[in-house]
Amino acid sequence: MMHREEALLQNYRDICSSLKAAAERVGREAQKITLLAVVKYASDEDVLALLKQGVLTDVGESRVQQAWARWQEDPRFAPFSKVRKHFIGHLQTNKAAKAAQLFDFIDSIDSPETVRALAKHVPAGKILRVLVQVKLTHKQTQSGLPLPQARQLAARLRGAFENIDVCGYMAVAPQGADAPTLRALFKPLAHAFETDFATHPQAQLSLGMSEDFEIAVEEGSTLPRIGSLLFK
């Protein structure tokens, strides 16, 4: 296990080094970028190894039932309740009750109905933060909204619910796209984010995954989602 733990820690250090270098290339402050560790496919043992090292502040899950079993029912995860939990998959409204209770962020909002369903179930005293998902591909299976509609939804939802805080955008880039294509997709979204959430103290732009996070950081991402590179 120690060998595996060391390998995971080295993966984490390598990613942080790449994040820092990408930020510095464009004059950004690296400490304002948060690594969102995508743990949905990682083994419990691997996740626990990094949690015990104290290096993970934010984790991303995409299945409510699986995340519930891990974070609510497995006593090994109980000491790490302060880690911020993000839901990054497509949320069905029938899972909204558990999602509102378990997660700190829902990063994949693309309809007012989903937000209404969540708002009904947010525990008293809790503010659930949400990101509106922007669609950057033409794939029918891809969730999210085209940027103009996403901006309209964000504006419509902002301040509409006392227990929901709309604080940014999330997007998934097309797999295998080259750097110029990625930059052309990321730039308008980053500009919209800077315009729409300029005054929000906890604004987040979640762009970039294992294969394209450095370009995403150069273009303004504050919350790259990295899984396969971390848990390889």
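Probing with 1.4 Å while keeping every protein chain in the model, the per residue accessible area of region 81-199 equals 49 Å². In terms of the Cα gyration tensor, with a ≥ b ≥ c the square roots of its eigenvalues, is region 10-144 rounded because a/c is under 1.5, prolate because a/b exceeds b/c, or oblate? It is oblate, given that a/c is not under 1.5 and a/b is not larger than b/c. When the accessible area of region 1-141 is split by element with a 1.4 Å probe, what percent falls to carbon and sulfur? Reported share for carbon and sulfur atoms: 49 percent. Checking the table 120/232; 40/120; 139/187; 20/126 against a 28 Å threshold on Cα-Cα, which pairs fail? In this structure, 120/232; 20/126 lie more than 28 Å apart at Cα. Here the gap between residue 65 and residue 113, fully extended at 0.36 nm per residue and compared with their Cα-Cα distance, gives a gain of 15.2 nm. Residues whose amide H lies under 5 Å from that of residue 130, counting only those 5 or more places away or on a different chain, are 106, 165, 166, 167; hydrogens are built 1.01 Å from N in the peptide plane.
When the helices of the chain are scored as -39500 (n - 2.57) per DSSP H run of n ≥ 4 and the total is divided over every residue, the value at 222 nm lands at -11500 deg cm²/dmol. Round to a whole angstrom and tell me the spacing of the C-alpha centers of region 214-232 and region 53-130. One Cα centre to the other: 21 Å. The simple Förster model, with R0 at 41 Å and r as the Cβ-Cβ distance, assigns residue 16 and residue 198 a FRET efficiency of 0.90. What are the aspartates and glutamates whose alpha-carbon lies under 14 Å from the alpha-carbon of residue 85, with same-chain residues fewer than 8 places away excluded? Leaving aside aspartates and glutamates fewer than 8 places away in the same chain, those within reach of residue 85 are 58, 61, 104, 107. Per-peptide packing, taken as the mean over residues of other Cβ atoms within 10 Å, places 9-20, 93-104 in the sequence 93-104, 9-20 from highest down.
The values are calculated or read from the model by the stated rules, or taken from the named source; none is laboratory data. Keep in mind that what you see is a predicted model, and the values were worked out from it rather than measured. Please note: Cβ atoms are built from the backbone with ideal geometry, for glycine as well, and neighbour counts cover all protein chains shown. Accessible surface areas use protein heavy atoms only, side chains included; no ligands, DNA or RNA. Shrake-Rupley method; radii C 1.70, N 1.55, O 1.52, S 1.80 Å.
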